[in-house]
1. Filter the stretch 66-108 down to the residues that are under 18 Å from the mean Cα position of the chain (by Cα) and of a type in the set (S, T, Y) and list them by number.
2. Could you pull out the residue among R127, R102 that is charged (D, E, K, R), part of a loop (DSSP other than H, G, I, E, B), on the phi > 0 side of the Ramachandran plot and out of contact with any His (no Cβ under 6 Å at 6 or more places or on another chain)?
3. Of the residues that sit in the stretch 40-49 and are closer than 14 Å to I7 by Cα and part of a loop (DSSP other than H, G, I, E, B), which one is nearest to the chain's Cα centre (by Cα)?
4. Looking only at the stretch 55-65, decide whether some residue is of a type in the set (D, E, K, R), surrounded by fewer than 18 Cβ atoms within 10 Å (Cβ to Cβ), touching a residue at least 12 places away in the same chain (Cβ under 8 Å) and closer than 14 Å to Y20 by Cβ.
Amino acid sequence: MKLEVVIIPVADVDRAKEFYGRLGWRLDKTPPGIVQFTPHGSPCSVQFGADLISAAPGSAKEYLVVSDLEAARNALVAAGVEVSEIYHIGPEGPVSGMDPERRSYFSRATFDDPDGNTWLLQEITTRLPGRVEAAETSFASVSDLASALRRAAAAHGEHEKRTGKADENWPDWYAQYMVSEQKGEKLPT
């Protein structure tokens with residue numbers, strides 16, 4: 001089973017359609033009365049329509065996962081969306097700014113659609129163990145893959161410093177690092 005669609009309650013379908021289109025999400029073909037958008041690289045879509053859900057407009061709270069929170073926030077702001085400041089989760093609760101260690105799952109920001117449905121942006125670069133199917137690894141976008149390659153390059157540089165020699169087999173090392181990182185497994189050193 002895979003989660004395919006999340007339905008959100010909206011009061012004005014046309015206003016919501018304009019908003020989600022401004023985010024750059026793909027408008028999908030659907031049966032009449034249903035509007036569906038899919039964020040780039042996401043296997044799950046968002047639907048809304050006049051009679052799709054009985055919940056009150058603005059009552060939804062959803063998560064969006066990003067590999068670079070600062071870039072995602074900047075893109076939303078450039079699209080005219082009001083986004084909270086970035087914060088991270090500390091021992092005593094929310095703290096202003098990015099997580100100092102850039103740990104996955106800690107840094108966040110939020111924004112609301114015109115109806116008040118809240119979207120929480122969460123930076124995840126390495127999944128916790130068990131969060132990725134063992135047989136599946138994929139990258140949702142060119143940006144996600146480029147970020148993974150940069151992290152692998154930095155780690156490989158440290159690997160070469162430790163071994164004291166150039167590693168001619170770097171493509172295999174990068175691949176192992178990137179797949180292990182995505183699966184939440186122990187990273188090669």
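The values are calculated or read from the model by the stated rules, or taken from the named source; none is laboratory data. All values derive from a computational prediction rather than experimental measurement. Note that each Cβ is placed from the backbone with ideal geometry, even for glycine, and that neighbours are counted across all protein chains shown.
1. Correct list: S67, S84, Y87, S104, Y105, S107.
2. Numbers: R127 fails: on the phi > 0 side of the Ramachandran plot.
After ruling out the rest, the residue left standing is R102.
3. Kept after step one, since they are closer than 14 Å to I7 by Cα, are these residues of the stretch 40-49: 44-49.
Subsequent filtering for residues that are part of a loop (DSSP other than H, G, I, E, B) retains 44, 49.
On the way: C44: 12, G49: 25 Å.
Across the stretch 40-49, the extreme among qualifying residues is C44.
4. yes
Results for (1) loosely packed, with under 14 Cβ neighbours inside 10 Å; (2) closer than 18 Å to E123 by Cβ; (3) outside the structural domain of A72 (by TED's automatic domain parsing), shown as yes or no for each residue.
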{"residue": "H156", "(1), (2), (3)": "no, no, yes"}
{"residue": "K165", "(1), (2), (3)": "yes, no, yes"}
{"residue": "Y174", "(1), (2), (3)": "no, no, yes"}
{"residue": "M178", "(1), (2), (3)": "no, yes, yes"}
{"residue": "P188", "(1), (2), (3)": "no, no, yes"}
